[in-house]
Amino acid sequence: MSEMHGGSTTAFTVADFKSDLKPIWCAGCGDYGVLTPFYQALVEVQADPKSTVIVSGIGCSGRFPYFCNTYGFHGVHGRAVPTAAGMKIARPDLRIIAVGGDGDGLGIGGGHLPHVARKNVDITYILIDNSIYGLTKGQSSPTSPLSMKSKTAPYAYVEEPLNPLAMFLAYNASFIGRGFSGKPKDLKHIFTEALKHKGFSVLHIFSPCVTMNQQVTFKTMNEIVKPLPDDWDPTNRLAGMEKALDTETFWTGIVYQDKRPTVHDRLEELEQRSGRYKDLDELFAKYK
């Protein structure tokens with residue numbers, strides 16, 4: 001989509017998506033490597049800033065809406081996904097993108113994900129994972145590895161970490177991608193394809209916290225990150241699960257994609273078929 005400037009059509013650029021607020025993450029934070037390719041992907045799909053909404057929860061990633069020249073909603077902890085889903089149902093004409101961290105999305109907000117996935121609500125969810133509660137100064141998170149020390153586990157973490165990729169595949173989300181903020185060029189491609197997808201697209205992006213997490217770092221991640229093979233079949237969900245359960249390699253790319261009707265498509269078809277379909281004016285008239 002493009003905008004009219006003085007009678008001529010001009011494509012949106014990265015500058016159109018940057019707000020006047022400069023990112024205030026710690027120097028070296030991995031989130032910088034997420035934000036830049038995100039801008040680029042918005043340009044690639046020519047998203048209209050006036051019809052794009054970014055919803056976030058609490059945490060370092062919760063600041064995303066402030067740095068984007070779109071509509072934004074900074075909500076409460078763990079509720080970015082259901083808020084985004086509600087927005088899409090109320091305003092299906094808008095492009096809705098939810099952003100959250102591992103604590104926000106897999107801790108208090110984890111129960112929302114399977115239901116948005118099974119309904120296939122047409123939103124994009126970017127889960128930015130740093131395996132720590134960074135904004136609250138270094139507590140263990142749902143993805144903190146065993147033996148990792150933190151403010152809440154000074155001797156060692158004793159809980160098994162969640163596997164976001166395996167969870168998304170088990171939930172049968174219709175688009176699943178995984179990336180690393182240290183590979184921004186790859187992230188641009190993953191973001192672009194997720195934004196093009198019709199249905200629930202969920203992305204697991206690992207983004208190291210350079211201040212609070214000294215165990216899972218850019219160095220340790222670079223040693224295990226590997227792109228999916230060139231001949232990868234993203235329709236093979238079982239093969240995706242095999243990659244998800246590979247704890248020795250952090251496979252990145254478009255892991256799985258299934259083109260199927262969204263909840264909006266199925267509701268509209270059902271309403272039309274039942275003969276009870278009414279627009280809002282008809283419904284209001286009925287109760288006057």
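Throughout, read-outs are computed from the coordinates displayed, never taken from laboratory work. Keep in mind it's a predicted model, so treat the numbers as computed, not measured. As a convention, Cβ positions derive from the backbone with ideal geometry for all residues, glycine included, and neighbour counts pool all protein chains shown.
Compared with the dominant principal axis of the Cα atoms in the chain, helix 32-44 is inclined by about 30°. Bridge orientation summary for region 63-202: considering DSSP beta bridges with both residues in this region, about 10 percent are antiparallel.
Taking every DSSP beta bridge that has both ends in region 2-259, the antiparallel portion is near 25%. Descending by average beta-carbon neighbour count within 10 Å, the peptides 160-168, 87-95 line up as 160-168, 87-95, the highest first. Taking the helices alone, the chain has a mean residue ellipticity at 222 nm of -8500 deg cm²/dmol, built from -39,500 (n - 2.57) per DSSP H run of at least 4 residues and averaged over all its residues.
Just so you know, the Cα atoms of region 2-259 work out to an Rg and Dmax of 17.5, 65 Å. Electrostatic tally near Val263: other residues with Cβ closer than 15 Å to its Cβ, Lys and Arg +1, Asp and Glu -1, net +2.
Summing Cβ point charges (Lys, Arg +1; Asp, Glu -1) relative to the Cα centre of region 2-259 gives a dipole of roughly 520 debye. How far is helix 184-196 tilted, in degrees, relative to the longest principal axis of the Cα atoms in the chain, given as a value from 0 to 90 rounded to the nearest 10? Roughly 30 degrees, rounded to the nearest 10. Estimated from the Cβ-Cβ distance and a Förster radius of 51 angstrom, the FRET efficiency linking Tyr155 and Thr13 is about 0.50. Here region 117-177 and region 63-116 have alpha carbon centers that stand 16 Å from each other. Taking a straight Cα-Cα cut-off under 14 Å and skipping sequence neighbours fewer than 8 places away in the same chain, the aspartates and glutamates within cross-link reach of Lys149 are Glu159, Glu160. Straight Cα distances below 30 angstrom link Lys259 to the lysines Lys50, Lys88, Lys119, Lys183, Lys185, Lys188, Lys196, Lys198, Lys226, Lys243, Lys278, with same-chain residues fewer than 8 positions distant left out. FRET efficiency for the Glu271 to His115 pair, using the beta carbon distance and R₀ = 25 Å, is estimated at 0.75.
For Thr143, neighbours were defined as the other residues whose beta-carbon sits under 9 Å from its Cβ, and their charges (Lys and Arg +1, Asp and Glu -1) total -2. With respect to the chain, whose longest principal axis is taken over its alpha-carbon atoms, helix 80-90 is tilted by about 10°. Projecting the Cα positions of Thr152, Thr249, Tyr287 onto the charge dipole of the chain (unit charges on Cβ atoms of Lys, Arg, Asp and Glu, taken about the Cα centre) puts Tyr287 furthest along the positive direction. Sketch the reach of a paramagnetic label on Ala27 as a point 7 Å from Cα along Cα-to-Cβ, and name the residues of region 188-211 whose backbone nitrogen lies under 19 Å away. Residues passing the 19 Å test: 208-211.
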